[in-house]
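The values are calculated or read from the model by the stated rules, or taken from the named source; none is laboratory data. Note that the structure is a prediction, hence the values are computed from the model and not measured. Heads up, the Cβs are rebuilt from the backbone with ideal geometry, glycines too, and the neighbour counts pull from every protein chain shown.
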Amino acid sequence: MTFQDILETRPNASKARLPALYADFRPLKHNNPEGYEANVQVWQSALSSAVKDGVLSNNDNNLVLDVTSQLLSDVSLPPWGRPLGLGSVVVDLICKGEVNDRRKQCQVESGSR
């Protein structure tokens, strides 16, 4: 199974929606909040499934998603390339408390600020 297979089988996702998912959809947050939220939900579902299925796991803990340039390469699809709104998705999920920023967790546990 590939990341594209996972992405295309998410609710509200299809081959026809891939261009929108790979575009910079940050302006939708203010112009079309429902569209923005739909894109975030598709990405959240796809990334979560890909990590659980081991498609994006590059470490021993398959419940950790490392948000790096490698992730952008791993989820890139021709002809759309890298998803331009993925950073926004991650920030949004952290702000909603749906995912944790491991760096902040480590700072809290070590007592540093």
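Mind listing whichever residues of region 6-38 are touching a Ser or Thr at 6+ places or on another chain (Cβ under 9 Å), closer than 17 Å to Val91 by Cα and crowded, with 16+ Cβ neighbours inside 10 Å?
Tyr22, Phe25, Arg26, Lys29, Tyr36
What are the residue pairs meeting all of these: first residue in region 1-22, first residue under 20 Å from Glu37 (Cβ atoms), second residue exposed (fewer than 12 other Cβ atoms within 10 Å of the Cβ) and of a type outside the set (Asp, Glu), Cβ atoms under 9 Å, and 6 or more apart or on different chains?
Listed pairs, sorted by first residue: Glu8/Lys15; Pro19/Pro79; Tyr22/Gly81.
What tally of residues in region 1-23 results from selecting those that are at pLDDT 90 or above and of a type outside the set (D, E, K, R)?
12
Given the conditions (1) at pLDDT below 90; (2) crowded, with 16+ Cβ neighbours inside 10 Å, which single one is not true for Gln44?
(1)
Is it true that Leu71 is under 21 Å from Glu98 (Cα atoms), surrounded by 18 or more Cβ atoms within 10 Å (Cβ to Cβ) and either of a type in the set (Asp, Glu) or at pLDDT below 90 (or both)?
The answer is yes for Leu71.
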